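*Asks:* Let me give you the structure first, and then I'll get to my questions.
Derivation of every value follows stated rules applied to the coordinates shown; laboratory data play no part. The shown structure was predicted, so the numbers you read here are calculated from the model rather than taken from an experiment. Please note: Cβ atoms are built from the backbone with ideal geometry, for glycine as well, and neighbour counts cover all protein chains shown.
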Amino acid sequence: MALSLVIGDKTYSSWSLRAALALELAGTPYSEQVIRLNQPDTRARILEHSPTGKVPLLKTAEGSIWDSLAISEYLAETFPEAHLWPRGAYARAIARSVCAEMHSSFVPLRTAMPMDLSRDEALAEVPADVLADIERISAIWARCRSEFGQDGPYLFGHVSLADAFFAPVAVRFRGYRAALSAEAAAYVETIYQWPAFQRWQQAAREEHSA
């Protein structure tokens, strides 16, 4: 059975973007099924595939995986030659740490700035807790780039799962015109120049105009 990814709208689904980028990093063929979000039948349609009623979900020959971090770990183990995690035990530990933090934290940012690839407008007022999230994420990026990113523009030099997990944040920062340091803004641009991200962005444009 070929890999198949069940996702939400490419314009809005941040978790779907993470899983799709992880598959792109693995370099393996896969098919995708898009389920429109925020429709009367959305949850019922997703429940046909996922026990949580959420996307993404990866269908494999062994069965389904319904969490973006678990999908990423599965792909890293299945395709070790692709080096989805950085090389070096400590670098991998830090990459896993920042992905886990992204996976479980930053609720104020998620709430105030939901992912929307079609947006280009600042918030009228940015709440203090959102500013704190922006500061923390910028600090994560700065540390990773400083300690591990000497060999390339990504967080750990070469592109990795850490970049897949923070790509939706880059979308939020650009779409909501967040005030960023020059270093953080440069990393946002790195994500927007990533070919795998650009393919997703183009598909989102087509989806949004359909």
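*Asks:* How do Thr52, Thr60 line up, fewest other C-beta atoms within 10 Å first? Walk me through the numbers on the way to the answer.
*Replies:* Values: Thr52 10, Thr60 16.
The fewest-first ordering by Cβ neighbours comes to Thr52, Thr60.
*Asks:* Express in whole angstrom the spacing between the alpha-carbon centres of segment 6-50 and segment 109-136.
*Replies:* Computed from Cα coordinates, the inter-centre distance equals 23 Å.
*Asks:* Moving on to the next point. Which cross-chain or sequence-distant (5 or more) residues have an amide H under 5 Å from the amide H of Gly152, H modelled 1.01 Å from N in plane?
*Replies:* Here the answer is Gly157, since their amide H atoms fall under 5 Å of that of Gly152.
*Asks:* Something else: So who's got an amide H within less than 5 Å of the one on Asp67, skipping anything under 5 residues away but keeping other chains? H placed 1.01 Å off N, in plane.
*Replies:* Leu58
*Asks:* Please get the size of the charge dipole for segment 3-82, origin at its Cα centre, with Cβ charges of +1 on Lys and Arg and -1 on Asp and Glu, quoted in debye to the nearest 20.
*Replies:* Charge dipole, segment 3-82, about its Cα centre: 380 debye, nearest 20.
*Asks:* Work out from phi, with θ = phi - 60° and the Karplus expression 6.51 cos²θ - 1.76 cosθ + 1.60, the ³J(HN,Hα) of each residue of segment 134-140, listed in order in whole Hz, and give x for Gly and Pro.
*Replies:* 4, 5, 5, 4, 4, 5, 4
*Asks:* Here's another thing I want to ask about it. With +1 assigned to the C-beta of every Lys and Arg and -1 to the C-beta of every Asp and Glu, and no other charges, what is the dipole magnitude of the chain about the Cα centre in debye, to the nearest 20? List each step's numbers first, then the result.
*Replies:* Working: 20 positive and 25 negative charges, 18 e Å.
Using only the charged Cβ atoms, the result is roughly 80 debye.
*Asks:* I've got another one for you. May I ask you to evaluate 6.51 cos²θ - 1.76 cosθ + 1.60, the Karplus curve with θ = phi - 60°, for each residue of segment 71-88 and list the ³J(HN,Hα) values in order in whole Hz, giving x for glycine and proline?
*Replies:* These are the phi-based 3J(HN,Hα) values: 4, 4, 5, 4, 5, 4, 6, 6, 10, x, 5, 7, 6, 5, 8, x, 6, x Hz.
*Asks:* Let me ask you something else. Whose amide H sits under 5 Å from the amide H of Gly8, counting only residues 5 or more places off or on another chain, with H placed in the peptide plane?
*Replies:* Excluding prolines and chain starts, which carry no amide H, the hits are Ser16, Ile35.
*Asks:* So, in Å, what gap is there between the alpha-carbon centers of segment 173-210 and segment 57-92?
*Replies:* Each part's Cα centre sits 24 Å from the other's.
*Asks:* Also, quick follow-up: Return the calculated 222 nm mean residue ellipticity for the chain, to the nearest 500 deg cm²/dmol, obtained by summing -39500 (n - 2.57) across DSSP H runs with n ≥ 4 and dividing by the residue count.
*Replies:* Values: 9 runs with 114 residues, N = 210.
So the calculated ellipticity at 222 nm is -17000 deg cm²/dmol.
*Asks:* Additional query: Once phi is turned into ³J(HN,Hα) by the Karplus curve 6.51 cos²θ - 1.76 cosθ + 1.60 with θ = phi - 60°, what whole-Hz value does each residue of segment 150-165 show in order, with x for glycine and proline?
*Replies:* Going residue by residue, I get 5, 9, x, x, 8, 4, 10, x, 7, 5, 8, 4, 4, 5, 4, 6 Hz, with x marking Gly and Pro.
*Asks:* Mind sorting Val107, Val169 by how few other Cβ atoms lie within 10 Å of their own Cβ, fewest first?
*Replies:* Working: Val107 11, Val169 27.
Final ranking by Cβ density, sparse to dense: Val107, Val169.
*Asks:* Net charge around Arg177, counting only other residues with Cβ within less than 12 Å of its Cβ (Lys, Arg = +1; Asp, Glu = -1)? Don't jump to the answer; show the numbers that get you there.
*Replies:* Values: positive: Arg119, Arg172, Arg174; negative: Asp120, Glu121.
In short, +1.
*Asks:* Sticking with this one: Taking neighbour counts of Cβ atoms within 10 Å as a proxy for exposure, in what order, fewest first, do Ser105, Ser13, Ser50 appear? Walk me through the numbers before you get to the answer.
*Replies:* Values: Ser105 13, Ser13 24, Ser50 19.
The fewest-first ordering by Cβ neighbours comes to Ser105, Ser50, Ser13.
*Asks:* Could you work out the relative contact order of the chain? I mean the mean sequence separation of Cα pairs under 8 Å and 6+ apart, divided by the number of residues, in percent.
*Replies:* Values: 295 pairs, mean separation 51.7, N = 210.
Reported as a whole number, the value is 25 percent.
*Asks:* Using only alpha carbon pairs under 8 Å that are at least six residues apart, calculate the relative contact order of segment 3-82 and give it in whole percent. The partial results should precede the final answer.
*Replies:* Working: 115 pairs, mean separation 29.2, N = 80.
That works out to 37 percent.
*Asks:* Indicate, rounded to the nearest 5 percent, the antiparallel portion of the DSSP beta bridges found entirely in the chain. Display every interim value, and only then the final one.
*Replies:* Details: 7 of 12 bridges.
For the chain, the DSSP antiparallel bridge percentage is about 60.
*Asks:* Sticking with this one: Where in the chain lies the longest segment free of GluC sites (Glu not before Pro) that are both loop residues by DSSP (not H, G, I, E, B) and have at most 13 other Cβ atoms within 10 Å? Can you show the working numbers first?
*Replies:* Working: sites that count: Glu48, Glu62, Glu121, Glu125.
Here the longest run is 126-210.
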